[in-house]
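J.: Here you go, one structure.
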Amino acid sequence: MRRTAFTLIEMLITMVVIVVLMGLLFSAARLFGPGAKRAKSQSILAQVVTALASARASGSAVSLSEHPLAASAGTIVNDKVNVPYVRALFRRHRSGDPALATDGEALVGVSLAELPAAAIGDGQPAPGTRLLLPDDHLDDGMLCPHLYGMPRRSLTVIGDGLKKVTWYRRLPKPVRGVSVVSAGRTNDVESTPSGIPTGLTSGTMTHSTTIANAAGGTSSVLRREFLRFCRSAPYLDLNGNPGGENINIDLTGVGLVTPGHVVVIGAFGGLWTEMIDPVIAPDWMGKEHAAVGGTVADSKKAFEASLGPALTELAKLGAVYQPANDTPLIRSERLWTDGATASAWEPGFTKDGTTWKGYRLRGPAIYDAWNTEILVYRSTTKDGYIAVSAGVDGVFRWHPGVNGVLNTVVTAFGPGETTDIASPVVGPSGDDQWGGRDNIVVGEQ
């Protein structure tokens with residue numbers, strides 16, 4: 001007699017086979033799913049941190065540069081400098097502080113207390129709004145949500161920066177102590193009514209008054225209306241015209257010093273001069289325009305030197321990517337685009353004008369398993385490096401949520417973060433979400 005149905009044993013065996021096959025299928029899916037990508041990204045970060053530590057231990061150069069979306073180059077165009085770019089928008093770490101200037105020459109090397117609060121009459125924003133500090137937060141959420149809220153110290157990648165990205169001036173720190181030399185300075189008291197200094201004084205410089213500084217307090221001021229250079233031969237100015245043997249320079253400003261500091265008088269460039277803060281100095285008098293960025297070729301050399309033999313393994317993991325051609329470019333020629341567009345932000349996109357465009361860094365760079373560039377920066381407490389992946393959501397701090405708009409204050413603290421400012425904002429706003437939960441971090445903070 002012919003059977004028309006399965007027996008109970010046959011049905012049980014069939015169900016067991018199906019369950020086993022489903023288990024194998026799910027295991028395979030995990031191998032190629034988020035778990036595998038996370039493991040792969042962890043391996044990439046670990047190899048990067050190890051390679052940089054090895055390079056530094058062996059005396060090789062390790063180059064880290066600003067992320068192009070955190071660029072320091074801000075608009076400054078005159079007869080000597082042409083930087084027609086907009087600096088990335090940052091905000092001070094302190095809650096309630098105004099946004100920093102996106103134009104004018106960026107400054108580094110001093111504190112807010114060593115800069116005047118007001119503009120100095122050179123046509124640029126006040127020096128304090130141009131000072132780059134490590135704990136400034138990126139406030140450019142409309143253009144690059146994935147980096148929104150990240151501190152400046154963390155926004156670096158491997159390789160030399162590009163000139164279109166990195167441009168700042170390093171100011172000298174005031175020197176603690178007193179210097180007495182044969183040359184001296186002319187102060188406002190010794191100036192004649194016509195504005196011509198009567199002569200050089202010698203000896204110790206003293207504080208004369210106080211002025212509001214960019215830190216919200218006051219600092220001592222050295223009056224430096226005029227400075228006289230004494231040369232044994234005539235000099236040539238920037239236009240090639242001969243000048244006199246004794247040169248009186250109108251500095252049109254003041255130099256701030258913190259309590260207990262004085263500015264040293266000493267030899268500089270073959271002439272006796274005050275070692276002044278170049279914020280208020282003429283361009284040709286030792287003012288350092290630090291165009292520290294280079295070309296894509298320079299960045300590639302620095303990238304390869306920093307990672308050394310580890311590049312081979314990183315390439316096998318698919319972590320190294322360099323655009324075949326350095327065109328087309330977006331965001332003031334700071335990024336390369338593959339031409340992809342989107343109607344709203346998604347990982348790997350930035351807004352260029354009014355359009356969301358897919359991007360990659362110019363030159364070679366390291367990417368995680370989700371094709372987002374990793375950030376690499378120096379540890380603030382250990383002698384080493386830290387590498388960070390944004391994880392599966394593609395953001396490092398705050399995710400813009402379903403509406404794609406960031407509502408969270410840029411200086412807000414995430415879950416578990418230590419608040420060290422008065423009246424801190426903690427947690428996301430609107431439909432934003434904390435994006436640091438799935439970040440992958442390798443290295444000691």
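All of the numbers you see were taken from the coordinates with simple rules; none came from a lab. Model, not experiment: these values are computed from the prediction. FYI the Cβ positions are ideal-geometry reconstructions off the backbone, even for glycines, and counts take in every protein chain you see.
J.: Hey, with R₀ at 60 Å, roughly what FRET efficiency would residue 316 and residue 212 work out to, going by the Cβ-Cβ distance, to 0.05?
T.: 0.55
J.: Apply the Karplus parameterisation 6.51 cos²θ - 1.76 cosθ + 1.60, with θ equal to phi minus 60°, to every residue of the stretch 416-428 and state each ³J(HN,Hα) to the nearest whole Hz, in sequence, with x for glycine and proline.
T.: x, 7, 7, 8, 10, 10, 6, 6, x, 9, 10, x, x
J.: Among the listed pairs 40/164; 357/382; 37/163; 37/300; 316/382, which have their C-alpha atoms separated by more than 28 angstrom in this model?
T.: Pairs exceeding 28 Å: 40/164; 357/382; 37/163; 316/382.
J.: Using θ = phi - 60° and the Karplus curve 6.51 cos²θ - 1.76 cosθ + 1.60, what whole-Hz ³J(HN,Hα) does each residue of the stretch 49-58 get, with Gly and Pro shown as x?
T.: 4, 5, 5, 5, 5, 5, 4, 5, 5, 8
J.: How would 301, 316 line up from fewest to most surrounding beta-carbon atoms within 10 angstrom? Before the final figure, lay out the partial values.
T.: Working: 301 17, 316 9.
Starting with the residue having the fewest Cβ neighbours, the order is 316, 301.
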